[in-house]
1. Starting from the Cα gyration tensor of the stretch 362-423, take the square roots of the eigenvalues, sort them a ≥ b ≥ c, and report rounded, prolate or oblate (rounded when a/c is under 1.5, otherwise prolate if a/b is larger than b/c, else oblate).
2. Across 10 Å bins from 0, what is the distribution of all Cα-Cα pair distances for the stretch 93-170, in whole percents?
3. Which entries of K2/K85; K158/K203; K16/K131; K125/K322; K102/K131; K18/K85 show an alpha-carbon separation above 24 angstrom in the structure shown?
4. Of G221, G17, G356, which is the most mobile in a GNM of the chain whose springs link Cα atoms less than 10 angstrom apart?
5. Explain nothing, just the number: dipole magnitude of the stretch 335-397 about its Cα centre with +1 on each Lys and Arg Cβ and -1 on each Asp and Glu Cβ, in debye rounded to the nearest 20.
6. Given the options G221, V208, P310, identify the residue whose Cα lies farthest towards the positive end of the charge dipole of the chain (+1 on Cβ of Lys, Arg; -1 on Cβ of Asp, Glu).
7. Mind checking which of E352, E157, E118 has the largest fluctuation in a GNM of the chain, springs on alpha carbons under 10 Å?
8. According to the square roots a ≥ b ≥ c of the eigenvalues of the Cα gyration tensor, what is the shape class of the stretch 1-95, taking rounded for a/c under 1.5, prolate for a/b larger than b/c otherwise, and oblate for the remainder?
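Every read-out reported here was derived from the displayed coordinates using simple, explicitly stated rules and does not represent laboratory data. Small disclaimer: the values here were computed from a predicted structure and weren't measured. Backbone-built Cβ (ideal geometry, glycine too); neighbour counts: all protein chains shown.
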Amino acid sequence: MKVDVLLGLQWGDEGKGKIVDVFTPKYDIIARFQGGPNAGHTLEFNGQKHVLHTIPSGIFHPQTKNLIGNGVIIDPYIFKQEIEKLYASGIDPKVNLYVSKKAHLILPTHRLLDAVYENSLEGKKIGSTLKGIGPTYTDKVNRSGLRVGDASLENFEKKYNAKKENHLQIAEEYNFDLNDFTIDGKTFDEYEKCWLESLETLKLMKLVDSEHFINSALKKGETVLAEGAQGTMLDIDFGSYPFVTSSNTIVSGVCSGLGVAPQKIGRVFGVFKGYCTRVGNGPFPTELFDEIGEELRIAGHEFGSTTGRPRRCGWLDLPALKYAIMLNGVTDLIITKSDVMDEFETIQVCNEYKYGEQKIDYFPYEINDPKLQPIFKPIEGWKTNIAGFRKVHELPKNLMDYISYIEHQVAVPVSIISVGPDRNQTIFRF
Ligand code: GDP
Ligand code: IMO
Ligand code: MG
């Protein structure tokens, strides 16, 4: 069997969690392969809303195994909070959750360093979620990180303390006062105590050699869906660097983040919104600074699932979408949140950019350059409430024309149309 992949094609928050939940009954395993609790994946069903950060979005289906792969980084404190919420919703994650021993741990001092580094970037802040993502991946690449499997070793405490001291020394160089640092209203010492207790909860999970787990499942004919976090435009190599996250969010991250070979990759589902959003700083060519942007934010409830920050909103950017499709080898597109634009007379779509005197239809290196301006094509709105529709033939012609235009431009079919946040508000075209 092959590993299908579902990932975001924009700047994150495309609706990945919702679609993974919809797909889960078709798969034996759902596996996260990168990122950490910077992600916030929202699922809605039976009138209830659930937000997951580290745990894969298949967890509400007890018959499906959920794997946190080696490429993911885990904060035991946030992980424990997720586990407790699942128990409160009647789900026992001990039944179907598996965690890679090779996944790296986000230490309390990684979160501290994230804050220290952001503070030092006056005027150039990344807009990090401050979950310790950058510093943890830095230690991983630096070959000095601590992994889930290390937590059960005798010398763990010694290793932990050495790493902590090293981080505190760095923080000191930035004149950072530990007394100024709080997380969730806790001082560093209080937080560290909770973190160490939470590590015990993590150790009670099924800790596995995830590369063997997944490859033997594939050999047995089991079906696997890899769930991306963040989005292609936040990829460490191909995103709008340096305003990116610290992992490979694109399809190549599946190979390194789960230990599967490239020829084992099957279908690649790329999720995108009918417009664009971005949370945090960095270039966003189609951003709207007017009341239309505000309308999108309000109608789309565009406030971060992890940090609650307002998301920046803008029109669909086709050169960026084409770039994302190219990098991921997308086989199927999934459009979400078109319903947010139900009331709009006209919508705009960017099909090329103006760069100085030149027109270009690709995503360029100079993405940070203010000389790069979007060129928009107007599309007539559908002025119909689509949230209640469940069949393709019910959808308004102007929406289908918009979708056909996108398909024509990017040369990949839109296989699924999501018309609302609930599981049931999903229309399949295959
Ligand atoms: P993710 O990070 O990609 O999983 O996306 P988020 O959960 O952060 O943000 C997507 C938001 O849009 C969530 O609040 C979802 O419940 C919601 N959502 C997903 N699909 C749709 C849709 O088709 N229409 C509307 N109106 N909301 C949607
Ligand atoms: P999901 O999986 C949207 C953004 C942050 C910041 C940049 C770097 O829910 O789509 P980091 O904390 O990773 O160092 O922040 O990346 N970011 C996201 N934006 N959705 C996400 O995840 C994100 N994860 C990180 O806002 O701009
Ligand atoms: Mg999100």
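1. prolate
2. Answer for the stretch 93-170: a P(r) of 18, 44, 27, 10, 1 percent.
3. K2/K85; K125/K322
4. Residue with maximal mean-square fluctuation among G221, G17, G356: G356.
5. So the magnitude is around 220 debye.
6. So the residue furthest toward the plus end is G221.
7. Evaluated over the chain, the most mobile residue of the options is E157.
8. Rounded, since a/c falls under 1.5.
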